[in-house]
Amino acid sequence: MRVGVSLTSRYDVDDHAVGARWMIERADAAARAGLDHLSIGDHHAEPVPYYQNVPMLGRLLAEWPSERPAGCLFLVPLWHPVLMAEQIGTLAAVHGGPFIVQTGLGGGHRQFAAMGRSIERRVGDLTEGLRVVQALLAGETVSSERFGIGDATIAPRPPDVVEWWIGASVPAAIERAARWSGTWYAGPHTTVDVGREGADQFLAACAAAGRAPERLVIRQDVLVAATDADAERLAGPVLEAGYRGFGRELLGIGSVETVTERFAAYAAVGFTDVSVRQISVPQPAALESIALLGEVQAALSR
């Protein structure tokens, strides 16, 4: 199982330069730990600083080896497809190596209203947006009645094939992921049992679509420390505050051995990759956790 990091983009800081610096330090720590892939998220119209995916990733790529995959999430219904394709093409050219595009539907009426988009149209916008973006990145001239696009082309385009990780949780979305990509990106609420069912469904859908599966990726919120007791102590205040509404069973909190066992359980039901988001702890603890993920990765490889 490969282990990568999905860096937190939201930091409740008064000095906005501090949050940006923390992201840079975490990307550097992940690179030094030898983690397999780097990505960041996508969200909009937040009252607390949320560092936007395209400019932030452009900076983080200076810390990340070009031979390792890097990329970011795009909530496709919130983006104009031509702009999204241009951003991907530019970032992939900057990276010069394997590039990953993670996709999701997005949610929240406030976020959609702020971006002038309709949440009721988001499924159709996702499917048409994916069609348009993938065609543009392939060098095609594209039109779309849904988005009012006429004869669009873009450059630069990615120098290598782009990987698409399609976020999905319900059966219809998992089947859609198999049609659009060889990778299913399972969300952090996915338990091992739910993941087993989803993996079986995804593989069957890939077979029906005549597509070879590439990756099955599970997102996990994690805190790794020297011992289980240290991890629980550090995570205690976060859990008491109700971290993202997650139940304790959905979080990977513990020593290298404990977190390795957790990830191995997902590997046993078919997942090939885990994409880790650090639980919100002070920066020194987050950097230590990322460093220890390198030991988790080594243990899984054995």
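For A212, state whether it is assigned to a helix (DSSP H, G or I) and either in contact with a strand residue (DSSP E or B) (Cβ under 8 Å, 6 or more places away or on another chain) or free of Cβ contacts under 8 Å to residues at least 40 places away in the same chain (or both).
no
Can you tell me which of E46, E67 is surrounded by fewer than 18 Cβ atoms within 10 Å (Cβ to Cβ) and modelled with pLDDT under 95?
Criteria check complete, one pass: E46.
What pairs come out if I take residues in the range 222-240 that are of a type in the set (K, R) and pair them with residues that are surrounded by 16 or more Cβ atoms within 10 Å (Cβ to Cβ) whose C-beta lies under 9 Å away, six or more apart or interchain?
R233/A225
So which residues in the range 2-13 are surrounded by fewer than 21 Cβ atoms within 10 Å (Cβ to Cβ) and in a loop (DSSP other than H, G, I, E, B), if there are any at all?
Hits for the range 2-13 are T8, Y11, D12, V13.
For G139, only one of the following conditions fails: (1) without any contact (Cβ under 8 Å) to a residue 24 or more places away in the chain; (2) in a helix (DSSP H, G or I); (3) not β-branched (V, I, T). What is its number?
So G139 meets the others, but not (2).
Condition (residue is closer than 29 Å to D125 by Cα, hydrophobic (A, V, I, L, M, F, W, C) and out of contact with any Asp or Glu (no Cβ under 8 Å at 6 or more places or on another chain)) applied to the range 13-30: is it met by at least one residue?
No: zero hits.
With S275, S255, S289, S280 as the choices, which residue is touching a helix residue (DSSP H, G or I) at 6+ places or on another chain (Cβ under 6 Å), of a type in the set (S, T, N, Q), touching a residue at least 24 places away in the same chain (Cβ under 8 Å) and within 27 Å of V13 (Cβ to Cβ)?
It is S280.
For the range 14-35, how many residues are over 16 Å from R2 (Cα atoms) and either part of a helix (DSSP H, G or I) or among the basic types (K, R) (or both)?
Of the residues in that region, 14 qualify.
Being at pLDDT 95 or above, surrounded by 19 or more Cβ atoms within 10 Å (Cβ to Cβ) and under 24 Å from S6 (Cβ atoms) is true for just one of G198, G167, G182. Which residue is that?
G198
May I ask you to list the residues in the range 241-252 that are out of contact with any Leu (no Cβ under 7 Å at 6 or more places or on another chain) and either in contact (Cβ under 8 Å) with a residue 40 or more places away in the chain or surrounded by fewer than 17 Cβ atoms within 10 Å (Cβ to Cβ) (or both)?
A241, G242, R244, G245, F246, G247, E249, L250
Conditions: (1) in a helix (DSSP H, G or I); (2) surrounded by 18 or more Cβ atoms within 10 Å (Cβ to Cβ). R121 meets all but one. Number of the miss?
If we test R121 against (1) in a helix (DSSP H, G or I); (2) surrounded by 18 or more Cβ atoms within 10 Å (Cβ to Cβ), just (2) comes out false.
Conditions first: (1) more than 16 Å from the chain's Cα centre (by Cα); (2) surrounded by fewer than 24 Cβ atoms within 10 Å (Cβ to Cβ). P98 passes all but one, so which condition is the exception?
(1)
If you scan the range 72-90, which residues turn out to be more than 19 Å from T141 (Cβ to Cβ), in contact with a strand residue (DSSP E or B) (Cβ under 7 Å, 6 or more places away or on another chain) and in a helix (DSSP H, G or I)?
V76
Mind listing whichever residues of the range 91-116 are among the polar types (S, T, N, Q) and outside any strand (DSSP E or B)?
Once the filter is applied, which keeps residues that are among the polar types (S, T, N, Q) and outside any strand (DSSP E or B), the range 91-116 yields only Q111.
Can you tell me which residue is modelled with the lowest pLDDT among those in the range 245-302 that are under 23 Å from L216 (Cα atoms) and among the acidic types (D, E)?
E249
Criterion first (aliphatic (A, V, I, L, M) and surrounded by fewer than 17 Cβ atoms within 10 Å (Cβ to Cβ)) does A208 satisfy it?
In short, yes.
Among the listed residues I166, I119, I154, I149, which satisfies the condition of being of a type in the set (V, I, T) and within 16 Å of the chain's Cα centre (by Cα)?
Of the residues listed, the single one that is of a type in the set (V, I, T) and within 16 Å of the chain's Cα centre (by Cα) is I166.
Residues to consider are V54, V82; find the one that is more than 19 Å from the chain's Cα centre (by Cα), surrounded by 15 or more Cβ atoms within 10 Å (Cβ to Cβ), hydrophobic (A, V, I, L, M, F, W, C) and under 21 Å from Q134 (Cβ atoms).
V82
The values are calculated or read from the model by the stated rules, or taken from the named source; none is laboratory data. What you are looking at is a predicted structure, and each value in this text was computed from that prediction instead of being measured. A quick note on method: Cβ atoms are made from the backbone with ideal geometry, for glycine too, and the neighbour counts reach across all protein chains shown.
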